[in-house]
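The values are calculated or read from the model by the stated rules, or taken from the named source; none is laboratory data. Bear in mind the structure is a predicted one, so any value in this text is a computation, not a measurement. Ideal geometry is used to build each Cβ from the backbone, glycine not excepted, and the neighbour counts take in all protein chains shown.
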Amino acid sequence: MTDVTGRDVDLADVPAAFDRAAATYDVMVNLNPGYHRHLQSAANALAEALPAGSAPTVVDLGCGSGASTDALVNSMGHRGQAYAAIGVDGSAGMLAEARSKPWPTWVSFTQARAEDLSSVTESLPGLRGTNGGSADGGSDGVAGVLAAYLFRNIEDRDAVLRSVWDLLTPGGVLVVQDYSVAGSSSARAIWNAVSWSVVIPLSKVINRDTSIYRYLWRSVLDNDSVDVFAGRMQRAGFVDVEHRTVDGWQRDILHTYRGRKPA
């Protein structure tokens, strides 16, 4: 797909496209009614399901400019115990925006694509040893992973889900939030209308480059249905897989999934 500037965006180009959009990305999402509230709901779904025990590490996979990380910080703070949060994203521009914001000392960011989670575990000593523990055999691995608006940007979703499953400690939790209109003609119609009458025109005014938002429109149309993605989670080994939609105009468009690695 090509925007007015002549750029095409495919999966391999997504990090670079987000680099170009990074400076105005927060402006765009702040114009999306419910965006931060829905992220907070997803982060709460993660925090409330984390296994009890020692101070957990949680990963915000595809953290972007840090809005989902901020939601995690809010949720984890209510638990009343120490924790570490790591934001991971493939876009250097989006990470620069995230790092420019004030954060507690236990929040950090690292650049990596979701398809290469091994680079994250190798660069962060507390996460080495994957598959449920640290390098010294302890239990201070990753207790939770939040992935908001990420998986439709991944070609091999099954492989990334397996990598997340390996990264989590036994009993660890994955929460995914993303758009999907597959199987619903009304949701598809609403998504098309909002994308072409609101989102893409706004991106032309604010960002002068519509490519990432044209890609957003198409990627949602092409994304897995709710049942298909829930099935992927189950095949990756997650149990107690559940999903829900949101209220408002995004009902049956925005979905939140939660699954657990068996203890």
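Suppose we keep only residues that are of a type outside the set (Gly, Ala, Ser) and within 16 Å of the chain's Cα centre (by Cα) within the range 213-225. Which one would you say is nearest to Gly64 (Cα to Cα)? Filtering the range 213-225 for residues that are of a type outside the set (Gly, Ala, Ser) and within 16 Å of the chain's Cα centre (by Cα), the one nearest to Gly64 (Cα to Cα) comes out as Leu216. Can you name the residue in the range 194-219 that is aromatic (Phe, Trp, Tyr) and out of contact with any Lys or Arg (no Cβ under 9 Å at 6 or more places or on another chain) and is also nearest to Tyr179 (Cα to Cα) among such residues? Among those residues, the one meeting the criterion is Trp217.
Taking each residue of the range 36-55 that is modelled with pLDDT of 95 or more and assigned to a helix (DSSP H, G or I) and looking for partners that are surrounded by fewer than 16 Cβ atoms within 10 Å (Cβ to Cβ) and among the polar types (S, T, N, Q) with beta-carbon atoms closer than 8 Å, six or more apart or interchain, yields His36/Asn30; Gln40/Asn74; Ala43/Asn74. Of the residues making up the range 92-113, those that are in a strand (DSSP E or B) and touching a residue at least 24 places away in the same chain (Cβ under 8 Å) number 4. Among the residues of the range 182-235, those that are surrounded by fewer than 16 Cβ atoms within 10 Å (Cβ to Cβ) and not in a helix (DSSP H, G or I) comprise Gly183, Arg208, Ser225.
Among Ala263, Ala236, which is the only one that is within 24 Å of Asp60 (Cα to Cα), aliphatic (A, V, I, L, M) and in contact with a Lys or Arg (Cβ under 6 Å, 6 or more places away or on another chain)? Working first, answer last.
Details: Ala263 fails: in contact with a Lys or Arg (Cβ under 6 Å, 6 or more places away or on another chain).
Being within 24 Å of Asp60 (Cα to Cα), aliphatic (A, V, I, L, M) and in contact with a Lys or Arg (Cβ under 6 Å, 6 or more places away or on another chain) holds for just one of Ala263, Ala236, which is Ala236.
Residues that are surrounded by 15 or more Cβ atoms within 10 Å (Cβ to Cβ) and hydrophobic (A, V, I, L, M, F, W, C) were ranked within the range 78-100; the one that is farthest from Leu61 (Cα to Cα) is Ala96. The numbered conditions (1) in contact with a strand residue (DSSP E or B) (Cβ under 6 Å, 6 or more places away or on another chain); (2) more than 30 Å from Gly144 (Cα to Cα) are all true for Gln234 except (2). Looking only at residues in the range 160-214 that are of a type in the set (Gly, Ala, Ser) and closer than 18 Å to Asn30 by Cβ, the one that is modelled with the lowest pLDDT is Ser203.
When Leu168 is tested against (1) under 24 Å from Ala67 (Cα atoms); (2) without any contact (Cβ under 8 Å) to a residue 60 or more places away in the chain; (3) among the aliphatic types (A, V, I, L, M), only condition (2) is not met. With respect to the conditions (1) outside any helix (DSSP H, G or I); (2) surrounded by 12 or more Cβ atoms within 10 Å (Cβ to Cβ); (3) at pLDDT below 80; (4) not charged (D, E, K, R), Pro15 lacks only one, and its number is (1). Just to be sure before I move on: is Gly66 surrounded by 14 or more Cβ atoms within 10 Å (Cβ to Cβ) and on the phi > 0 side of the Ramachandran plot in the structure I sent? So Gly66 fits the description; yes. Of all residues in the range 207-232, those that are under 23 Å from Asp19 (Cβ atoms) and free of Cβ contacts under 8 Å to residues at least 60 places away in the same chain have Cβ atoms under 7 Å from Cβ atoms of residues that are surrounded by fewer than 21 Cβ atoms within 10 Å (Cβ to Cβ) and not hydroxyl-bearing (Ser, Thr, Tyr), 6 or more apart or on another chain, in Trp217/Ile200.
Here Asp116 fulfils each of the conditions (1) assigned to a helix (DSSP H, G or I); (2) crowded, with 20+ Cβ neighbours inside 10 Å; (3) not polar (S, T, N, Q) apart from (2). Among the residues making up the range 215-230, a single one is over 15 Å from Ile253 (Cβ atoms) and either touching a Leu at 6+ places or on another chain (Cβ under 6 Å) or at pLDDT below 95 (or both): Tyr215. Residue check: is Arg20 modelled with pLDDT of 80 or more and among the charged types (D, E, K, R)? When the stated conditions are applied, Arg20 passes them.
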